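Student: One structure is given below, represented as structure tokens, and several questions about it will come after.
The values are calculated or read from the model by the stated rules, or taken from the named source; none is laboratory data. Source: prediction; values computed, not measured. So basically every Cβ, Gly included, is an ideal-geometry build from the backbone, and we count neighbours across all protein chains shown. Just so you know, the surface numbers come from the protein's heavy atoms only, side chains and all, with ligands and any DNA or RNA stripped out. Shrake-Rupley method; radii C 1.70, N 1.55, O 1.52, S 1.80 Å.
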Amino acid sequence: MTNHALSLFQLCDSNFPTGSFSHSFGLETYIQKDIVTDAKSFSEWLNVYVHEQLAYADGLAVRLAYDALEAEELEDIWELDRILTVQNLARESRDGTQRMGDRMLDIAQSIYEIPMLSTYMRKRRDKQAFGHPAIVFTMVGHHLQVEKETTILYYLYSTVVSLVQNAVRAIPLGQTAGQKIIYAFQQQLQQATDKIMKLDEEEFGVVSPGLELSQMQHERVGIRIFSS
């Protein structure tokens, strides 16, 4: 792993304070319905989430944003920012993602001092952009000259680590069980990355209806520990 890749990996730490610990993105709905109850059922849910939502939304956005940065097509990045937000139909997930994007943007800019992040912050402040963690992450990866495929893989990994830690609290799972799931998912993350590298741009936003419904239904969950 290069020094630049190590620098980007800092954003993958589950303790990186973006507020991801407050969001389950529909997982808690499945827990309340007794569909996700243990490590096995959670792994099945996580597999669907990674391959059927994360890959086609955030994951593909990372690839497209990286390409846009390479080509210096900034308008394409702002359009990605818009589409990522408006296609997220669940209000809680949409608002939660924006809060995470804002937080990651603030912290990343204070660490790396990247001109593109300053531009993103200004557009966010002027209400010309929404703010999304996938785009912030990509800007950092591109600035650090981390390869596109590695940037995608690290973003997927950071998301999975956050969701596993939330599952450890919510199901609950033991910390050892959580670490076993993260280890077991390494191959899945590489497969998802390979898939993202081959997706057509027209497939951007094609996600599982069941996952979207669970994210919408979370607003009506009686007892919960997550905001989304």
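Student: Pull out all pairs, ordered by first then second residue, where Cβ-Cβ is under 8 Å, the residues are six or more apart or on different chains, the first lies in the range 132-151 and is in contact (Cβ under 8 Å) with a residue 60 or more places away in the chain, and the second is open to solvent by 10 Å² or more (accessible area, probe 1.4 Å) and in a loop (DSSP other than H, G, I, E, B).
Tutor: Pro133/Thr18; Val146/Thr2
Student: Among the residues of the range 96-127, which ones are small (Gly, Ala, Ser) and open to solvent by 30 Å² or more (accessible area, probe 1.4 Å)?
Tutor: Step one: filter the range 96-127 for residues small (Gly, Ala, Ser), giving 96, 101, 108, 110, 118.
Of everything in the range 96-127, those that are small (Gly, Ala, Ser) and open to solvent by 30 Å² or more (accessible area, probe 1.4 Å) turn out to be Ser110, Ser118.
Student: Please go through the range 5-32 and give me each residue that is modelled with pLDDT of 75 or more and within 12 Å of the chain's Cα centre (by Cα), ordered by number.
Tutor: If the condition is that a residue be modelled with pLDDT of 75 or more and within 12 Å of the chain's Cα centre (by Cα), then Leu11, Cys12, Ser20, His23, Ser24, Phe25 are the ones that fit.
Student: May I pose another question? Could you check how many residues of the range 75-91 are touching a Lys or Arg at 6+ places or on another chain (Cβ under 9 Å) and farther than 15 Å from Phe25 by Cβ?
Tutor: Adding up the residues that qualify gives 3.
Student: Now for a separate question. Given the conditions (1) assigned to a helix (DSSP H, G or I); (2) open to solvent by 40 Å² or more (accessible area, probe 1.4 Å); (3) hydrophobic (A, V, I, L, M, F, W, C), and given that Ile225 satisfies all but one, which numbered condition is not satisfied?
Tutor: (1)
Student: Take the residues of the range 133-185 that are among the β-branched types (Val, Ile, Thr) and outside any helix (DSSP H, G or I): which is surrounded by the fewest Cβ atoms within 10 Å (Cβ to Cβ)?
Tutor: Taking the range 133-185 first, the residues among the β-branched types (Val, Ile, Thr) are 135-136, 138, 140, 146, 150-152, 159-161, 164, 168, 171, 176, 181-182.
Next, from what is left, pick out any that are outside any helix (DSSP H, G or I): 146, 171.
Details: Val146: 23, Ile171: 20.
Going through the qualifying residues, I end up with Ile171.
Student: Exactly one of (1) touching a residue at least 24 places away in the same chain (Cβ under 8 Å); (2) of a type in the set (Asp, Glu); (3) closer than 26 Å to Ser227 by Cα is unmet by Glu70. Its number?
Tutor: So Glu70 meets the others, but not (3).
Student: Moving to a separate point now. Please name all residue pairs, on different chains or six or more residues apart, with Cβ atoms under 6 Å, provided the first residue is in the range 109-124 and is closer than 15 Å to Asp81 by Cα and the second residue is small (Gly, Ala, Ser) and not in a helix (DSSP H, G or I).
Tutor: Taking only residues 6 or more apart or on different chains, the pairs are Lys123/Ala129; Arg124/Gly131.
Student: Need the failing condition index for Val206 against (1) without any contact (Cβ under 8 Å) to a residue 12 or more places away in the chain; (2) over 17 Å from Tyr66 (Cβ atoms), just the number.
Tutor: Going through the list (1) without any contact (Cβ under 8 Å) to a residue 12 or more places away in the chain; (2) over 17 Å from Tyr66 (Cβ atoms), Val206 breaks only (1).
Student: For His218, only one of the following conditions fails: (1) at pLDDT below 95; (2) in contact with a His (Cβ under 8 Å, 6 or more places away or on another chain). What is its number?
Tutor: With (1) at pLDDT below 95; (2) in contact with a His (Cβ under 8 Å, 6 or more places away or on another chain) applied to His218, the lone miss is (2).
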